[in-house]
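Below you'll find the structure, written out as structure tokens, and then a few comments.
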Amino acid sequence: MGGRQGYLTLPIFSVVAAIGYVYYTTVFVAVPRWLGLSTAAGVANATAFTALAAACLATYAVAVRRDPGRVPPGFVPDVEDAESTVHEIKRKGGDLRYCQKCCHYKPPRAHHCRVCKRCVLKMDHHCIWINNCVGHENYKIFLVFVLYAVVASFYALILIIGSVLHSVPKDEQPGSDSSRTSINLSNWQIICGVILSPLALALAVLLGWHIYLILQNKTTIEYHEGVRAMWLAEKGGDLYHHPYDLGVYENLISVLGPNIFCWLCPVLNTVGNGLRYRTSYDIPISTPPM
């Protein structure tokens, strides 16, 4: 059951608990058993994973707390603005998009969230794991969190598998205290590995999906709308082109920011105010999209 944006919910506690469980198993069980915390390799891996886990927690907290983008009160699209070459309209009637629930016009790419009970700028989807929408203001930080989580998951899997293989009892007497302790620790790591394996795979698929969307400058909602629009266009003998596709490099800039060195950093450098976006119609004919 969802709660209000920014409130702690069971899925949020589950994510935090999972991060803590994986961190403890990796740093205080796997690394000591395989490399030892008194060695340079052990300290280096424990420090690197700690930094990665801290980055995961920090970006996750920002994704939870960051407002995805609100439509300003009294917003009205300027249909006479020469710089705005595209105005989104309703499928039926051709009128400008208007939210009957929020009682205001919708900016381009904005959608109403039934969970948050308001319109969200450049809405991608509502995520129960952050109890928040993913939209214009927090999309990049959400993406960076998923990236860090994928790296941390596979990093932890490597350390856990290496520890289990390295710590297989060889000369220990069955039933001895050291043997029982070793088996208990191995079971702890195996359970963590069983949890991590599908989680890492799911996160990797999610990351790949959003990379695909970014390269085309689409949101999840726009992807599904585009499938229908493409079908209708082909049915009428026309070609459909996503209006916000500016080319690979410009698409990346529009989401990750103009500074390429900050693309993978957990910094908020959102481009624009979320009320208007560049389209492929704004690009001169002499400079086609990449």
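Residues in the range 63-70: is at least one basic (Lys, Arg), in a loop (DSSP other than H, G, I, E, B) and either surrounded by 12 or more Cβ atoms within 10 Å (Cβ to Cβ) or at pLDDT below 90 (or both)?
yes
Could you give me the residue pairs with C-beta distances under 7 Å whose first residue belongs to the range 194-217 and is over 30 Å from Val164 (Cα atoms) and outside any helix (DSSP H, G or I), whose second residue is hydroxyl-bearing (Ser, Thr, Tyr) and open to solvent by less than 40 Å² (accessible area, probe 1.4 Å) wherever it lies, and which are 6+ apart or on separate chains?
Partner pairs satisfying both residue conditions: Asn217/Tyr244; Asn217/Ser254.
Results for (1) open to solvent by 10 Å² or more (accessible area, probe 1.4 Å); (2) at pLDDT below 95; (3) under 30 Å from Val43 (Cα atoms), shown as yes or no for each residue.
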| residue | (1), (2), (3) |
| --- | --- |
| Val120 | no, no, no |
| Cys133 | no, no, no |
| Tyr148 | yes, no, yes |
| Val151 | yes, no, yes |
| Ala156 | no, no, yes |
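Kindly indicate whether any position in the range 105-115 is hydroxyl-bearing (Ser, Thr, Tyr), crowded, with 24+ Cβ neighbours inside 10 Å and modelled with pLDDT of 90 or more.
The answer is no, given that none of the residues of the range 105-115 is hydroxyl-bearing (Ser, Thr, Tyr), crowded, with 24+ Cβ neighbours inside 10 Å and modelled with pLDDT of 90 or more.
Leu37 versus (1) modelled with pLDDT under 95; (2) closer than 30 Å to Cys116 by Cα; (3) among the aliphatic types (A, V, I, L, M): which is the lone unmet condition?
Condition (2) is where Leu37 drops out.
State the number of residues belonging to the range 230-277 that are farther than 28 Å from Ala61 by Cα and open to solvent by 30 Å² or more (accessible area, probe 1.4 Å).
Step one: of the range 230-277, the residues farther than 28 Å from Ala61 by Cα are 230-250.
Within this subset, residues satisfying the condition of being open to solvent by 30 Å² or more (accessible area, probe 1.4 Å) are 230-232, 234-241, 245, 248-250.
Residues flagged as farther than 28 Å from Ala61 by Cα and open to solvent by 30 Å² or more (accessible area, probe 1.4 Å) within the range 230-277 amount to 15.
Of all the residues that make up the range 192-236, how many are among the β-branched types (Val, Ile, Thr) and touching a helix residue (DSSP H, G or I) at 6+ places or on another chain (Cβ under 7 Å)?
3
The values are calculated or read from the model by the stated rules, or taken from the named source; none is laboratory data. Because the structure is a prediction, the values reported are computed rather than measured. Note: ideal-geometry Cβ built from the backbone for every residue, glycine included; neighbour counts use all protein chains shown. Heavy atoms of the whole protein, side chains included, go into the accessibility calculation; ligands, DNA and RNA do not. Shrake-Rupley method; radii C 1.70, N 1.55, O 1.52, S 1.80 Å.
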